[in-house]
Amino acid sequence: MSKNLAYGLGILLVALLLYMALFTNSQQAPPGLGKGKPAPDFKLKTLDGKEVSLSDYRGKVVLINFWATWCPPCREEMPLFESVYRKYKDKGFEILAISTDASIDPVRKFVREFKLSFPILYDDKNVVNLYSVQGLPTSFLIDREGKIVKVRLGKYKEIERDVKELL
């Protein structure tokens, strides 16, 4: 096998593994953060500079969603999240969407474009590491007691069903 062919196959394999990590619908939890475990608390700022922490939302059902503006599945699921949020926010449901973008300007543009009304937080990568996020989008559904009910890597199509069960 020639060096160029081996190199090309190696690049293809890495690309395939990266694609699978980012865009599959696996429900495997990151190490140590499975169903029934307490969701680690964190503090981050919203786009307008307000500091919020997960513990501020104790007593509510919370979706923590790690996403980025450049991520196609993230873009696809945001309208669904907005719809579910508007429908259930007065019944005790909250979304904390944590952007992993390298800069904040594309995030602001994205929020305007998609008319998002739930809190958008900007991560300095500490919370991504705290939650052992392996790919985007990754969502954690948290119950009213602060325990993880579901972890979803990939698009979270059944969010409304799961939220209704917890409310």
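The values are calculated or read from the model by the stated rules, or taken from the named source; none is laboratory data. Since the structure is predicted, the reported quantities are computational estimates derived from the model, not experimental observations. Don't worry about glycine lacking a Cβ; one is built from the backbone with ideal geometry, like all the others, and counts go over all protein chains shown.
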Which of the following residues is of a type in the set (K, R), part of a helix (DSSP H, G or I) and at pLDDT 95 or above: K45, K89?
K89
For the stretch 102-109, indicate whether the set of residues that are without any contact (Cβ under 8 Å) to a residue 40 or more places away in the chain and assigned to a loop (DSSP other than H, G, I, E, B) is non-empty.
yes
Can you confirm whether V84 is among the aliphatic types (A, V, I, L, M), buried (at least 20 other Cβ atoms within 10 Å of the Cβ) and part of a helix (DSSP H, G or I)?
yes
Picking from I159, I142, I104, which residue would you name as being closer than 19 Å to S55 by Cβ and of a type outside the set (D, E)?
I142
Taking the stretch 118-144 only, how many residues are in contact with a Lys or Arg (Cβ under 8 Å, 6 or more places away or on another chain) and either assigned to a loop (DSSP other than H, G, I, E, B) or farther than 17 Å from V163 by Cα (or both)?
5
When you look at I148, is it within 21 Å of G34 (Cβ to Cβ) and at pLDDT 95 or above, yes or no?
yes
Within the stretch 156-167, how many residues are in contact with a helix residue (DSSP H, G or I) (Cβ under 7 Å, 6 or more places away or on another chain), surrounded by fewer than 19 Cβ atoms within 10 Å (Cβ to Cβ) and assigned to a loop (DSSP other than H, G, I, E, B)?
1
Note: among L54, L63, L96, just one is touching a Pro at 6+ places or on another chain (Cβ under 6 Å), closer than 18 Å to L166 by Cα and at pLDDT 95 or above, namely L96
